[in-house]
1. Tell me the angle of helix 13-38 to the major Cα principal axis of the chain, expressed in degrees between 0 and 90 and rounded to the nearest ten.
2. Quick one: helix 40-53 against the long Cα principal axis of the chain, what's the angle to the nearest 10°, folded into 0 to 90?
3. Do the sum for the chain: with -39,500 (n - 2.57) for every DSSP H run of n ≥ 4, divided by all residues, what is the mean residue ellipticity at 222 nm, to the nearest 500 deg cm²/dmol?
4. Shape of the stretch 50-118 from its Cα gyration tensor (a ≥ b ≥ c, root eigenvalues): rounded if a/c is under 1.5, otherwise prolate when a/b > b/c, or oblate?
5. What is the angle, in °, between the Cα long axis of helix 98-118 and the longest principal axis of the Cα atoms in the chain? Nearest 10 is fine, range 0 to 90.
Amino acid sequence: MSWIVAFFRQPCRPYRDFQIVFTILTLNFAIPSASYVLAPRIAADQFLSIGRTLGGGDYPVPEAESRLWRYLGATNVMALAFMCFFLQLDLRRNYPVLVPLTFLKGATATLFLLEFLLGTRYPAFLAVSVFDFFTCALFVFFARRAHAEIRDRPDADLVPRPRR
């Protein structure tokens, strides 16, 4: 329990905020990636529900229950979870990971946006794109702010301490 108190009272608030946001993001990627492999219907139903809620009607693209694309999508999201967690372990040392993390998520967001604009115009693609671009902004904002703040601080000021 004292670890939690120390975490919330640490002198470096941007680092604390980074750890909170990146824990949420790590879980946001890790849990769905497991569902993509083990219960793909859940993810598909959520996507279709978003599309219907935004007025898209039926999904316009016939897609088979392809394990190839399901596994590729799952491993993409697993990689995002891993990179978020890796940054949390030692932000100073692993800071360059922010570039591929943001690129991977940004490329996905761009493809969803292009599908919406140039392809099916199915509104769930736009919604996912906006959410993914927002997620990229979270990556950059919280990681850069925390990294700048901890650059000259001793590890003893940081909770959790970087893993070296």
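Read the figures in this text as sums done on the coordinates, not as results from a lab. Please read these numbers as outputs of a predicted model, since none were measured by experiment.
1. With both axes taken from Cα atoms, the answer is about 40 degrees.
2. 80 degrees
3. Values: 7 runs with 124 residues, N = 164.
Roughly -25500 deg cm²/dmol at 222 nm, from the helical runs in the chain.
4. Details: a/c = 2.90, a/b = 2.05, b/c = 1.41.
Prolate, because a/c is 1.5 or more and a/b exceeds b/c.
5. 20 degrees
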